[in-house]
């Protein structure tokens, strides 16, 4: 039984990985927990069996106010916006409502003093988080790496409850979705890489999005460290930050010996090292970690060289701002594959980068109406219904020394379940091209 939770009545929304971990943790901690899952028939069979064996109620279909009766704590899935949940919560006699608390916040409250490095930003979070963990491990530290990167913090807490060793450092990638409902999270080191338009289908405006990101620093004190991009120098005063602030160095190349593509990854590596150095990681250890670091799938991932043409998968490029970063990473002409479900952004504003870096654009799928009118007078633009057709077209016009870059600048939901499925399809197509040349 956990005294923090044993008296709580909790609703967990969603049976994704973080929801499943939260339910298990809450149950083990002695809380009275229920699961709200719109499609319970799609839950993993082993988890459904566990719920039944442990008599955890499951409420299916659309969420209703009565599902939250008697609840004093709500753990939403990352995709469940606070603004959508709050109106469903009944008011108590004193007018108060149940606390809405991110799964990460829930697990943070059950840590045992492990120092946390929290990393957020519109882009670069996963690479920076992974680099930071690799540097700490190069120093011989035991590291838990998780959060938005894939492994919920609740899984770490559960493992600790079952006797797994304690981490020396916890490194967390944190999204705006998670941070928006974090209230006591207190990282020893917080990193904010950048902020640009994103998730405005979730957040009502850029202020709400920025407010969510800045919650990373809300509980920091003078003994903590905040690491920011210099373009964000207005934020410490604006948000009353108390931590010691360090800024990244524009144009720095601290770790040139790397497989990572682009100047932005040098900035990511610098941010990772500034954090890791606070735990006594040396520059030599960090350099070794960067040198051995393999690019993460779907993030400027080199797939193949075919007839002198480089094929690169940046399926994680889901915004116009991410497209800017991707194009700026190349010092060779690019044949760009773009298209999918448009999330907004300044399409015309990317034209100077297209002019400087792109030889042709091969659009596919949805959002043709956003891209083609804005770009067709800058570079040649074609459109095909599928990625298969667009990649074949790109391959036919690519010359030795070019790069064929999948950087869709959109979400994948027109033709794929997620950006990973989209990137895996691109990889499969390129590998088939390579085999055909063998």
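The values are calculated or read from the model by the stated rules, or taken from the named source; none is laboratory data. Quick caveat, the model's predicted, so the values are computed rather than measured. No Cβ is skipped: glycine too gets one built from the backbone with ideal geometry, and neighbour counts run over all protein chains shown.
Annotations
- The residues of segment 124-150 that are at negative phi and modelled with pLDDT under 95, listed by number, are 125, 126, 127, 148, 149.
- Of residues in segment 215-235 being part of a helix (DSSP H, G or I) and in contact with a strand residue (DSSP E or B) (Cβ under 8 Å, 6 or more places away or on another chain), the one surrounded by the fewest Cβ atoms within 10 Å (Cβ to Cβ): 230
- Flag if residue 304 is touching a helix residue (DSSP H, G or I) at 6+ places or on another chain (Cβ under 7 Å), surrounded by fewer than 21 Cβ atoms within 10 Å (Cβ to Cβ) and under 24 Å from residue 148 (Cα atoms): no
- Any hit, segment 153-171, residues being closer than 23 Å to residue 277 by Cα, under 17 Å from the mean Cα position of the chain (by Cα), in a strand (DSSP E or B) and at pLDDT 95 or above: yes
- Any hit, segment 393-414, residues being assigned to a helix (DSSP H, G or I), touching a helix residue (DSSP H, G or I) at 6+ places or on another chain (Cβ under 9 Å) and outside the structural domain of residue 149 (by TED's automatic domain parsing): yes
- Of the listed requirements (1) assigned by TED's automatic domain parsing to the domain that holds residue 274; (2) under 29 Å from residue 297 (Cα atoms); (3) in contact with a strand residue (DSSP E or B) (Cβ under 8 Å, 6 or more places away or on another chain), residue 111 misses just one: (2).
- Qualifying residue in segment 306-315 (condition: at pLDDT 95 or above, under 23 Å from the mean Cα position of the chain (by Cα) and assigned to a loop (DSSP other than H, G, I, E, B)): yes
- Filtered residues of segment 250-279 (kept if under 28 Å from residue 215 (Cβ atoms), assigned to a loop (DSSP other than H, G, I, E, B) and at pLDDT 95 or above): none
- Residue check for residue 321: part of a helix (DSSP H, G or I) and touching a strand residue (DSSP E or B) at 6+ places or on another chain (Cβ under 7 Å): no
- Helices (runs of 4 or more DSSP H) wholly inside segment 17-104 that include at least 1 residues being free of Cβ contacts under 8 Å to residues at least 24 places away in the same chain, over 26 Å from the mean Cα position of the chain (by Cα) and loosely packed, with under 11 Cβ neighbours inside 10 Å: 45-53
- Conditions (1) buried (at least 20 other Cβ atoms within 10 Å of the Cβ); (2) within 23 Å of residue 26 (Cα to Cα): number failed by residue 113: (1)
- Unique match (being outside the structural domain of residue 132 (by TED's automatic domain parsing), under 25 Å from residue 230 (Cβ atoms) and either crowded, with 22+ Cβ neighbours inside 10 Å or without any contact (Cβ under 8 Å) to a residue 60 or more places away in the chain (or both)) among 281, 325, 312: 325
- Condition check for residue 250: exposed (fewer than 13 other Cβ atoms within 10 Å of the Cβ) and within 29 Å of residue 331 (Cβ to Cβ): yes
- Selection from segment 361-384 of residues that are more than 21 Å from residue 415 (Cβ to Cβ) and either touching a helix residue (DSSP H, G or I) at 6+ places or on another chain (Cβ under 7 Å) or in a loop (DSSP other than H, G, I, E, B) (or both): 374, 376, 377, 378, 379, 380
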